[in-house]
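The values are calculated or read from the model by the stated rules, or taken from the named source; none is laboratory data. Since we're looking at a predicted model, the values are computed, not measured. Backbone-built Cβ (ideal geometry, glycine too); neighbour counts: all protein chains shown. Remember, those area values only see protein heavy atoms, side chains included, never the ligands or the DNA or RNA. Shrake-Rupley method; radii C 1.70, N 1.55, O 1.52, S 1.80 Å.
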Amino acid sequence: MTDKLPFTISREENFFQRLSEYIGDVFYDILPEKGFELRDEQIYMAFQLEKAFKQRSVMFAEAGVGTGKTIVYLLYAICYARYKGKPAIISCADETLIEQLVKKDGDLEKIERALGITVDVRLAKAREQYVCVRKLDKIIEETDDPDIIKVYDELPSFVFESGSSMQAFHRYGDRKDYPWVNNKKWDTIAWDPLQQCSTCEFRHRSAQTLQREYYRYAKDLIICSHDFFMEHIWTKESRKREGQLPLLPEASAVIFDEGHLLEFAAQKGLTYRYNLEMLNSVLSGFSSQDVREQSLILADEILFANERFFAMLEKHAEKVEGSHRKEITRTKELMDAARTLEKYVQQLLEELVFDGEMYTMDEYQLKVTEEYLEFFSYGLSIFLKEEEGIYWLEEDGENTSFVMMPQLVEDVLREKVFSLDIPFIFSSATLSENKDFSYLAASLGIEKFDAFSVDSPFDYDTQMELFGHTTGSKLEKWEKTEEALLNNGGSSLVLFSSMEEMEAFRQWALEKDWPFPVLYEGDREISGLIRTFQQDSSAVLCACHLWEGLDVPGEALTQVIIVSLPFPPDDPVFKAKRKNANNPELEIDVPYMLLRLRQGVGRLIRTKGDKGEVHLLFAEKERERYGEKIANVLPKAIKWK
């Protein structure tokens with residue numbers, strides 16, 4: 001593999017010695033000759049990372065905005081992947097960051113042009129980012145929606161031609177290929193966890209299957225989201241048992257961009273999700289087989305008990321603002337319904353032993369039924385125990401899901417991730433609290449690590465104006481936001497702490513005659529929406545999930561308005577975290593808010609040529625309570641208006 005390295009190396013030479021020399025040549029000579037700015041912070045980071053790759057250790061690389069950290073870790077990842085003959089995995093906070101890395105004139109393209117190399121980089125997006133042909137094929141018979149019909153019409157012909165040669169197959173179905181479809185409509189035609197892919201007639205021609213076959217053979221880099229990486233970790237062993245390949249191939253190294261968000265992805269990945277229709281589907285397939293009467297009676301009892309259990313869940317669940325999770329109250333009525341259901345499931349599992357010995361059932365169907373009932377029984381047993389897990393209800397259109405997850409994931413991460421003998425790099429501008437990385441390390445089960453912190457090279461005193469406003473009512477917030485937008489002529493990012501807050505502003509803003517386009521997250525596919533925002537220098541982008549990762553330098557973004565302090569929602573996950581803390585406000589709520597606030601402010605200045613304003617809107621009591629802590633983490637003093 002060394003012949004593919006961007007530098008020469010003889011048999012007598014050490015790879016890391018030659019890599020170090022090459023890195024020095026790149027940052028001191030090659031990049032400056034190509035018009036890149038020589039940055040001391042970037043060079044310092046480059047030589048710090050060498051240690052992690054050489055020792056195959058964990059490194060927390062905290063580097064401020066503008067240090068060029070992405071180019072540094074990409075360069076190391078590419079060289080190390082070619083040296084080891086295995087791709088490096090770049091795990092990003094979300095799908096938005098994935099697209100940012102590979103966008104036109106992005107850091108990867110800059111590296112290729114400057115160094116004269118071609119990088120084999122492939123995207124491994126979450127399964128929800130691909131169209132589900134089975135769902136689309138069903139909904140197309142019932143809908144007259146032109147957006148969905150257009151998606152159907154653009155499907156390649158081989159999808160429905162069972163006799164098509166595999167040589168005719170090509171990739172399709174990526175969310176970004178359908179920018180006209182809003183998020184709500186996309187959910188009706190995209191893959192979801194309720195789909196039984198193993199029995200799907202389209203499985204060998206599905207969008208995600210073809211994409212998986214493509215990215216699996218990447219030579220240099222595979223870019224995925226934290227959620228997808230953690231799904232790979234949690235499902236790797238079970239997929240092997242079922243005769244399937246893991247979602248991701250073996251990697252030479254893993255880089256976590258915006259690594260401070262990995263814990264939340266780990267918690268989300270290690271969830272047990274139960275849906276009313278899924279159990280109905282499994283037992284319907286079971287009942288259609290030649291099974292004994294006793295088993296059929298129990299299957300009917302389970303279906304009835306399952307409907308009652310989900311009815312009780314919906315009755316005793318309350319919506320939480322700023323979260324898609326509904327909080328469940330463990331009432332006697334609900335717990336009795338869970339016990340009844342669990343009893344019938346256990347009885348049917350016992351009967352399946354006898355059904356299997358009769359050899360009258362399809363062996364695959366028996367296996368599917370048994371595995372799902374064991375999975376379902378495990379979840380119920382956890383729910384029935386006090387203090388055993390975190391649980392909530394999710395509603396997505398017509399689907400209702402009961403979700404559970406462990407309270408703490410550090411033990412699993414320590415065993416399944418950070419025990420691997422490969423380099424792990426965490427990169428972000430916000431990994432520590434005043435240069436102390438212990439909180440993040442402990443939350444991820446990391447016992448031994450190296451770390452460094454590099455400040456941003458930007459001159460915030462001259463490039464940024466930072467204003468604070470105290471507001472009372474919601475109407476006053478909207479009016480302050482309107483004033484700032486009009487004064488700036490648009491060109492603004494407006495950040496909300498929840499979707500509900502953003503929708504409330506949208507309803508108020510509909511009555512206004514804005515002299516510039518106002519775009520809202522969720523109305524279109526996110527990378528297309530960002531592209532529109534970047535191309536129209538007067539546009540305003542309203543969002544609640546773009547606190548991290550958005551990189552829009554220049555005139556398109558000269559103002560950031562933070563409508564409210566981004567505290568975590570009061571949902572079951574954060575309630576559990578608070579319960580395990582000695583001082584929940586200081587250990588959970590405030591650190592989360594400060595980190596997210598720093599990220600939000602960091603959206604404004606992306607290059608040394610950028611200038612603009614940040615407006616922070618506070619309630620009076622928030623200014624009194626948190627003003628000093630906020631001032632300590634921001635790049636310059638707040639001017640109060």
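Observations, loosely collected:
- When you count the other C-beta atoms within 10 angstrom of each residue and take the mean per peptide, 351-357, 493-499 line up highest first as 493-499, 351-357.
- Potential extension, D25-S287 segment - 0.36 nm per residue separation minus Cα distance: 87.5 nm
- Probe 1.4 Å - accessible area at Y28, Å² to nearest ten: 120 Å²
- Size check on the range 376-446: the Cα extents along the three principal axes, sorted descending, read 43, 27, 24 Å.
- Measuring between their Cα centroids, the range 105-151 and the range 516-557 lie 19 Å from each other.
- Building the convex hull from the alpha-carbon atoms of the range 556-603 and averaging its projection over directions returns 3.8 nm².
- Under 17 Å of direct C-alpha separation, and excluding same-chain neighbours fewer than eight residues apart, K621 reaches these aspartates and glutamates: E476, E585, D589.
- Taking the chain and dividing mean pair separation by its residue count, relative contact order in percent (alpha carbons under 8 Å, at least six apart): 18 percent
- Heavy-atom SASA rank of M312, M358 (probe 1.4 Å, accessible area, largest first): M358, M312
- Within the range 509-555, chymotrypsin sites (Phe, Trp or Tyr not before Pro) in DSSP loop having at most 16 other beta-carbon neighbours inside 10 Å: none
- Per-peptide average of other Cβ atoms within 10 Å, ordering 624-637, 589-602, 567-580 highest first: 589-602, 567-580, 624-637
- Accessible surface of D396, taken over heavy atoms with a 1.4 Å probe and every protein chain present, rounds to 80 Å².
- Accessible area (Å², per residue) of the range 416-463, counting only protein heavy atoms and a probe of 1.4 Å: 47 Å²
- Accessible area, probe 1.4 Å, largest first, for residues C197, C132: C197, C132
- Projected area, mean over directions - the range 82-211, Cα convex hull, nm²: 10.4 nm²
- Within a straight-line Cα-Cα reach of under 18 Å, K319 can be paired with the following lysines, leaving aside sequence neighbours fewer than 8 residues apart in one chain: K575.
- Fully extending the segment from M335 to A637 would add 103.4 nm, taking 0.36 nm per residue of separation and subtracting the current Cα-Cα distance.
- Within the set [x] 3, 14, 23, 26, 20, 10, 3, 1, 0; [y] 3, 16, 27, 29, 19, 6, 1, 0; [z] 3, 12, 19, 20, 16, 12, 9, 5, 3, 1, 0, 0, the number that P(r) over Cα pairs in 10 Å bins from 0, in percent takes when calculated for this structure is listed as [x].
- Helix axis angle, 332-358 relative to the chain longest principal axis, alpha carbon, degrees: 60 degrees
- Largest-first ellipsoid semi-axes for the range 485-558, taking √(5λ) over the Cα gyration tensor eigenvalues, angstrom: 17, 16, 11
- Listed residues E327, E374 arranged by accessible area, highest first, probe 1.4 Å: E374, E327
- Dividing the radius of gyration of the alpha carbons in the range 172-289 by their Kirkwood radius gives 0.98 for Rg/Rh.
- Probe 1.4 Å, protein heavy atoms only - accessible area per residue of the range 495-611 in square angstrom: 38 Å²
- Excluding ligands, DNA and RNA, the accessible surface per residue across the range 1-136 is 42 Å² with a 1.4 Å probe.
- C-alpha long axis of helix 499-509 to longest principal axis of the chain, angle in °: 70 degrees
- The heavy atoms of K4 offer some 90 square angstrom of accessible surface to a 1.4 angstrom probe.
- Principal-axis analysis of the Cα atoms of the chain puts helix 276-287 at an angle of about 40° to the longest axis.
- Considering the range 535-641, its Cα convex hull presents a mean projected area of 8.0 nm².
- Carbon + sulfur, % of accessible area of the chain - ligands and nucleic acids excluded, 1.4 Å: 47 percent
- Relative contact order of the range 158-300, defined on C-alpha pairs under 8 angstrom at six or more residues apart (%): 20 percent
- Eligible aspartates and glutamates near K480 by straight Cα distance, threshold 13 Å, same-chain separation 8 or greater: none
- Computed packing ranks the peptides 233-241, 81-89, 203-211, 415-423 as 81-89, 203-211, 415-423, 233-241, most packed first, by mean other Cβ atoms within 10 Å.
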